[in-house]
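Values quoted throughout were computed directly from the atomic coordinates according to the rules given, and no laboratory measurement underlies them. Everything quoted here is computed from the prediction, not taken from an experiment. As a convention, Cβ positions derive from the backbone with ideal geometry for all residues, glycine included, and neighbour counts pool all protein chains shown.
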Amino acid sequence: MSALAQSRHLATPIPGPRSVDLMARRSAAVARGVGTTMPVYAARAFGGIVEDVDGNRLIDLGSGIAVTTIGNSSPRVVDAVRDQAARFTHTCFMVTPYEGYVAVAEALNRLTPGDGEKRSALFNSGSEAVENAVKIARSYTGKQAVVAFDHAYHGRTNLTMALTAKVMPYKHGFGPFAPEVYRAPMSYPFRDSEYGKDLATDGELAARRAIGIIDKQIGAANLAAAIIEPIQGEGGFIVPAEGFLPTLLDWCRANDVVFIADEVQSGFARTGAMFACEHEGIVPDLIVTAKGIADGMPLSAVTGRAEIMDAPHVSGLGGTYGGNPVACAAALATIETIVADGLVARAAQIETLMKDRLGRLQADDERIGEVRGRGAMIAVEFVVPGTFEPDAELTRAVCAAAHRAGVIVLSCGTFGNVLRFLPPLTISDDLLLEGLEVIELILRDL
């Protein structure tokens with residue numbers, strides 16, 4: 001697999017003829033509700049390149065939505081998966097357990113923030129882990145209400161759709177949703193600046209705004225948990241103002257409210273720390289992980305304070321596939337790769353490189369309202385020049401042109417006007433800069 005050339009190459013127009021054929025087969029076989037960002041079909045992937053069935057090599061600035069953080073088909077992961085699959089693929093941890101599950105739990109307890117005694121439980125997807133975190137918080141506190149935040153994304157199951165803020169495409173037509181879910185204002189410095197500098201730069205002030213609404217509309221006596229992404233993902237890679245998260249955490253601790261950090265997209269070295277909440281030195285009560293945990297194998301987890309994690313009764317948590325042995329092997333190899341290859345530091349290097357290039361682009365282009373993010377989780381927010389008005393049309397045009405040019409990019413944001421970059425941490429500087437150069441040329445053409 002390492003023989004896959006780490007260079008962009010367009011053998012055909014995109015999509016090529018084999019991808020077009022597969023799109024026709026897909027239309028006849030796959031439910032219409034399953035969307036696709038690009039009309040190409042992958043054949044191989046390694047490092048910073050995805051090769052499609054027509055031989056086109058695409059620069060990967062999406063990592064399968066922050067999943068293949070250590071690069072697709074990473075050698076340690078391939079070896080670990082092959083070895084585990086040859087020994088056994090499933091027994092169900094709730095029936096005949098196995099060491100891999102325990103080893104992953106031990107690693108998570110060691111790596112997540114905080115020095116106190118911790119426990120972990122493993123599941124399959126981010127949504128499933130979020131639901132279980134809420135279950136655990138409700139069991140521990142004896143309370144029912146949960147508060148999420150504006151622009152949040154927490155998943156597509158019924159409860160997590162209720163927690164998710166954006167209606168299209170995630171919630172429209174799928175209600176009614178789970179009850180006892182409420183929403184508070186997020187610290188969104190770029191958009192808060194429209195209403196005053198203090199709110200945009202003072203995270204404690206922004207947190208007090210949210211806490212005031214929580215107190216009045218929910219009441220701490222009814223609130224089991226507050227769940228928040230330390231850096232919001234689908235909402236637009238929003239980094240809250242400094243002080244917002246610690247102030248919120250302090251209020252939760254003072255009011256017997258479980259603070260849940262949803263690090264599904266921001267965890268496992270993605271932001272230049274093993275977990276994004278480390279940037280503000282906070283220790284959540286529970287932390288939810290998935291995506292980058294196992295380099296593409298389906299696995300997720302809830303990790304947290306032992307007294308909270310142990311609150312549910314025996315057999316109250318679990319699932320047939322939760323902590324699948326092959327996925328656990330992949331997770332252990334992924335963690336080993338992050339540590340052995342210095343990928344936390346590599347994410348910080350990528351941030352410096354990307355912010356420098358995109359910052360210079362912003363200085364010459366009034367359509368770029370903000371460049372933001374941490375590590376290899378960087379975003380550009382497009383606006384109508386001279387305003388805060390979101391420009392979703394430009395964002396769609398940039399994405400479409402990038403895809404035709406052989407660069408995988410993704411959009412996000414409540415208003416559909418954010419271009420997000422999630423390159424694998426193993427991408428070369430040259431390949432990353434080439435991808436950004438393509439974006440720059442597209443913006444000039446547009």
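Roughly speaking, what is the stretch gain from R208 to E194, that is 0.36 nm per residue apart minus the C-alpha to C-alpha distance, in nm to one decimal?
Values: separation 14, 0.36 × 14 = 5.04 nm, distance 1.84 nm.
Once the chain is fully extended between R208 and E194, it gains 3.2 nm.
For an R0 of 30 angstrom, estimate the FRET efficiency from the Cβ-Cβ distance between A221 and V314 and round to the nearest 0.05.
On the way: r = 29 Å, r/R0 = 0.95.
After rounding to 0.05, the efficiency reads 0.55.
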Long-range amide H partners of F149 with built H, under 5 Å: A184
Amide H within-cut-off set for A43, under 5 Å, with H built and near neighbours excluded: E51, D52, V53
Which listed pairs, of K166/K197; K171/K291; K143/K291; K166/K355; K118/K166, have C-alpha distances above 23 Å, in listed order: K166/K197; K143/K291; K166/K355; K118/K166
Relative contact order computed over segment 77-340 (Cα-Cα under 8 Å; 6+ residues apart), in percent: 30 percent
Most positive-pole-ward Cα, P246, Y182, V258, against dipole of segment 77-340 from beta carbon charges: Y182
For the chain, built as a Gaussian network whose Cα springs stay under 10 Å, the top-fluctuating residue of P284, P75, P424: P75
Theoretical ellipticity at 222 nm over the chain - DSSP helices of four or more residues, -39500 (n - 2.57) apiece, nearest 500: -11500 deg cm²/dmol
Extended-chain gain in nm, criterion 0.36 nm per residue less alpha-carbon gap, H172 and A254: 25.9 nm
Within segment 13-48: backbone nitrogen closer than 14 Å to the R444 label point (7 Å, Cα to C-beta): none
Label-to-label distance, nm, for residues given as S27 and A340 (7 Å Cα→Cβ offset): 4.7 nm
Most fluctuating residue given options H90, H172, H154, as computed from a GNM of the chain linking Cα atoms under 10 Å: H172
Relative contact order (percent, whole number), the chain, Cα cutoff 8 Å, 6+ residue spacing: 22 percent
Considering only segment 77-340, percent of DSSP beta bridges that pair antiparallel, nearest 5: 40 percent
At least 15 Å along the helix axis (C-alpha) and Kyte average at least -0.5, DSSP helices within the chain: 17-29, 99-111, 126-141, 203-217, 244-254, 325-340, 343-363, 392-404, 429-445
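If you take the beta carbon distance between A11 and T37 as r and set R0 to 25 Å, what does 1/(1 + (r/R0)^6) give as a FRET efficiency, to the nearest 0.05?
Numbers: r = 20 Å, r/R0 = 0.82.
Rounded to the nearest 0.05, the efficiency is 0.75.
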Lys/Arg +1, Asp/Glu -1 at C-beta; the chain dipole; positive extreme among A269, A290, P113: A290
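In the chain, what percentage of the DSSP-assigned beta bridges are antiparallel, given to the nearest 5?
Working: 33 of 49 bridges.
If we restrict to bridges inside the chain, about 65 percent are antiparallel.
Which shape class applies to segment 77-340: rounded if a/c is under 1.5, otherwise prolate when a/b exceeds b/c and oblate if not, where a ≥ b ≥ c are the square roots of the Cα gyration tensor eigenvalues?
In terms of gyration-tensor shape, prolate.
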20 Å reach of a label modelled at S428, 7 Å along Cα-to-Cβ, counting backbone N of segment 1-24: 1-11
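By the gyration tensor of its Cα atoms, with a ≥ b ≥ c the square roots of the eigenvalues, what is the shape of segment 202-355: rounded for a/c under 1.5, prolate for a/b over b/c, or oblate? Write out the running numbers ahead of the final one.
Numbers: a/c = 2.46, a/b = 1.21, b/c = 2.03.
In terms of gyration-tensor shape, oblate.
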